[in-house]
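Report on the following structure.
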Amino acid sequence: QVQLVESGGGLVQAGGSLRLSCAASGRTISGYTMGWFRQAPGKEREFVASITWSGTDYADSVKGRFTISSENAKNTVFLEMNSLIPEDSAIYYCASGSKRSTTTRLYDAWGQGTQVTVSS
């Protein structure tokens, strides 16, 4: 019943910016933790950022460059990515879960992912 659809990925040069969106249906996101994870080829899926009633969390690798936010009227979560570096290249996944967490275990709904590629 829960569906998460990511969009906004693409190709960008180092130093550029992208804004990812995650549109949710079947669940009112204001009552849940919403997270962004990413997975590069040959690597494990890793935490990027999350937002819940108690605040936000960021991976050290993106802190100060990425901002997670939500627009409840649209039931949508965003990830603003600035000062992108090639190491940010990955498939980015939106997730929804019951508790504030930086691991995948407590997220029970996932999107299909959107590709982000940072060149140079």
Placing each pseudo-label 7 Å from Cα in the direction of the beta carbon, Ser7 and Ala40 end up separated by a distance in nanometres of 2.8
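Tell me the net charge near Tyr93. Cut-off is 15 Å between Cβ atoms, Tyr93 excluded, with +1 for each Lys or Arg and -1 for each Asp or Glu. Can you show the working numbers first?
Values: positive: Arg38, Lys43, Arg45, Arg105; negative: Glu6, Glu44, Glu46, Asp88, Asp108.
Its environment carries a net charge of -1.
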Calculate how large, on average over all directions, the projected area of the Cα convex hull of the stretch 71-120 is; give the answer in nm² to one decimal.
4.6
In the chain the accessible area split gives carbon plus sulfur, as whole percent at 1.4 Å, a share of 47
Neighbourhood net charge (10 Å Cβ-Cβ; Lys/Arg +1, Asp/Glu -1) for Glu80:
+2
Electrostatic dipole magnitude of the chain [Cβ: Lys, Arg +1; Asp, Glu -1; Cα centre; debye, to 20]
200
Note to self: with every protein chain in place and a 1.4 Å probe, the chain gives an accessible area per residue in Å² of 52
Quick one: dipole size for the stretch 54-120, taken about the Cα centre, charges +1 on Lys/Arg Cβ and -1 on Asp/Glu Cβ, in debye to the nearest 20.
200
Calculate the length of the line joining the C-alpha centroid of the stretch 64-90 to that of the stretch 1-44, in whole Å.
8
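What FRET efficiency comes out for Asn72 versus Ser17 if R0 is 22 angstrom and r is the Cβ-Cβ distance? Round to the nearest 0.05. Write out the running numbers ahead of the final one.
Working: r = 24 Å, r/R0 = 1.07.
About 0.40, to the nearest 0.05.
If each residue of separation counts as 0.36 nm, what is the full-extension length gain between Arg105 and Lys63 once their alpha-carbon separation is subtracted?
The Arg105-Lys63 span can extend by a further 12.9 nm.
The values are calculated or read from the model by the stated rules, or taken from the named source; none is laboratory data. Worth saying up front: this structure is predicted, and the values here are computed from it rather than measured. Cβ: placed from backbone, ideal geometry, glycine included. Neighbour counts: every protein chain shown. Only protein heavy atoms, including side chains, enter the accessible area calculation; ligands, DNA and RNA are left aside. Shrake-Rupley method; radii C 1.70, N 1.55, O 1.52, S 1.80 Å.
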